[in-house]
Structures are given as structure tokens and as C-alpha cells.
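The values are calculated or read from the model by the stated rules, or taken from the named source; none is laboratory data. No experiment lies behind these values; they were computed from the predicted model shown. No Cβ is skipped: glycine too gets one built from the backbone with ideal geometry, and neighbour counts run over all protein chains shown. Keep in mind that these areas ignore ligands, DNA and RNA; they rest on the heavy atoms of the full protein, side chains included. Shrake-Rupley method; radii C 1.70, N 1.55, O 1.52, S 1.80 Å.
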Amino acid sequence: MNEDRKNKIICISAAVFFAAGFFLCVFLPKSDYLTSERRRAALRPEFSLDAVKSGRYMKGFEAWTVDTFPFREPFRTVQALTATQIFLRKDNNGLYEYEGMLAAAEYPLNEASVVQAADRFGEVCERWLTEENRVYLAVIPDKNCFLADKSGHLSLDYEKLERLMTDRMAYATFLPVRDLLEAGDYYRTDTHWRQERITDVAERLLQGMGASDGTGSADYETHTSEYAFYGVYYGQAALPAEPDELRYLTGGAIDGCRVYDWQNKKEIPVYDMELAAGKDPYEMFLSGPLSLVTIENPEISNGKRLVIFRDSFGSSIAPLLAGSYEKITLVDIRYINPELLGEFVDFSGCDVLFLYSTLVLNHSETLK
């Protein structure tokens, strides 16, 4: 083959490749939601001279093309495997895999964020609570706490984080739970803990709040959802991984509980099986990220009420506490302004538990 013919073939092949890429980008259907990453895709920006001059148009156009690129998911997987397996990077986009578990390399400790969270909780207590209320604090470590040393990744100083919280919240009784947990208590592909593995944590909390009946955890029955559970880390890491099994508990007080969603003003089930088949199956627990939920146990009349200020970890453990309280109110101040709570929550004489993961405390800008 002479040189001219070879050059023509190379040029024609390159032209065909770029033309095919162009037509695929233009004509292939585009989703407005990235299921693997659980976020909306960037929208195509509107063209205007002002947008071009300011640079907004090209910035938006770049984000749109990245999110709608043909065969985006396979390319993401190839990039992730290349980074971790060939170039031996410790993580990909801040996420790593160790012994089949996906985790975020949560680091460093943001002391200002932790202090801000503690102070925000203090403001809530000062506004709504009195000396009649018993206040408790529990900190849920993220999965990296149990994997970092083994996998060679950096992690937060968890003792320092807890100390910052307890020093700023000296009025609250600290209920430690870190010693009860290990990596296997969390989903392999997700941030959250597994409900069937935290009955001991629930009992520790009840004992610490003086609400345990002393018999230990209830005689629960474990069920497994028929739907595969690919957690949030699965899509973000773009690394191959087997799905988790999503298990949930029934029995004890759980079966007779009445749950009300005050955000949408309707009764909801303890476990929403339609959401178990949705984009984020973990949302099956108390219907996911809701600002205000109450759980009432009609089988007891001990006068005990509990208010839990919580993040998403609280959705799966709250039903395990229902056997000791007439009423549990779950408040998520990421979605409701604490200044409005007096309209919905009666704090008189109730126990109050601040139950938060280190993921939220280290990024407390999410709190209102």
C-alpha cells in the first residue's frame, strides 16, 4: 500500500468516525435523568449573545454534552477501570472498592462544618425545648470508618468529630454507637446501614434513653425485597459490582404502627414496596426523604414520646424504636426550617434525639 493511499484511508476513517459521533450526538434519544448517578442531566443551554460573551453558554454546553454523550455509561466504566486497574489510582472520583464494598474516601474533617451543625442543633433546643426535655446525641460513622485502614485510604478523625459535637452540645447525653458497627453492617453499594444488622444499635439507643423494657430486641422476621438494590455508590463509582439484597424487618411493634407523612398530608406504610422498585430502593423505609413524619404505636399507652432530628439513616432505625414509645416524630431539617416546627410538633415533656451521620455533620451546609 503506497503512502498516499494509506493517508487517504486514515483521513476517510477519521472523518467517518467523527461524522458518526456527530450524528449519534444529535439524533440519539437523550434522557433527562441519569439513573446511575441519581441526578438530572444538564439541560441544553439557550443560545444568546450575552450568554456567549459571558462564557455561560459554552460552560452549559459542555455540561450538556458530557451528560448526554452516546454510550456514556460504558465509557464511564472503562474510564473507572482504567484509572483503578491500569493506573492504580486509589479511588475514582473520590470512591473506591475494597473486598467487594464501595465506599467514599470521606476526608478531611471539616471542623467548621461540625461546629456549625452542633450550633444549629443548639439553636433548635434553645428555641423549642425546656428543662423538661431529655436531650440525646448519637453520631453514625460512615462506611469509610471501617474500611480506610485496611484499604490504605485516609479517613476522618472520628473521635475528634464526636468530641467536637459533645463539647458544643454539653446539654445532651451522648449515646455512642460506633463500637457496635462494622463494614458488614452497611450495604456494599450504598451509604446506608442495613436495618437487619442494627437491632443492637436500636437497643443501645433505647437503653440510653431509659426506654428499653430490658428484654432486648424484638423477635423480628427478616424479609428480602424481590428487587435488586444498586446503591448510590454504584452509579457514582462506575465500577462493576454485584447488587445488594434489600432486607427489612417485621414483627414486634412494627406491624401495628400508623405512619403519617405531614409533608404530603397522607398516611404511608412503614415500608413502601413501590419505592423499593424505584430509582432509590432505600427510600422504601418510611418513604424516603420527608421533612416531617410521625409513627404512632396504638398498642402502648406509657405516655412516652420521642422526637428524632435525623438524616436518611433514621428512616430504617426509627421503626425499631417504635415498641417503646406511643409516638415518634421524625424531623429532617434539611427540608424544613426549624423555625416552623412549633406549628407541627409538640415538644412538651418528650425525649429528643439528634441522630446524624458523619456524612451530614461534615457537610452541614445541607441543614436549614
Response to the item:
Placing each pseudo-label 7 Å from Cα in the direction of the beta carbon, residue 348 and residue 158 end up separated by a distance in nanometres of 4.1
Item to complete: Among DSSP beta bridges whose residues both lie in the range 214-368, state the antiparallel percentage, nearest 5.
Response: 65
Worksheet, complete the sentence: In the range 294-361 the DSSP beta bridges are antiparallel at a rate, in percent to nearest 5, of 25
Practice prompt. Keeping every protein chain in place, order 115, 124 by accessible area at 1.4 Å, biggest value first, i.e. largest first.
Written response: 115, 124
Worksheet item: Suppose R0 equals 35 Å; then what is the FRET efficiency for residue 273 and residue 119 from their Cβ-Cβ distance, rounded to the nearest 0.05?
Response: 0.30
Worksheet entry | Within-11-Å neighbourhood charge of residue 359 [Cβ basis; K, R +1; D, E -1] | -2
Practice prompt. Holding the Cα-Cα limit at 31 Å, pick out from 59/279; 265/368; 59/368; 160/304 the pairs that are longer than that.
Written response: 160/304
Worksheet item: Rounded, prolate or oblate: which fits the range 184-313, taking a ≥ b ≥ c as square roots of the Cα gyration tensor eigenvalues, rounded meaning a/c under 1.5, else prolate when a/b beats b/c?
Response: prolate
Item to complete: Taking the Cβ of residue 300 as the centre, find all other residues whose Cβ is under 14 Å away and add up their charges (Lys, Arg: +1; Asp, Glu: -1).
Response: -1
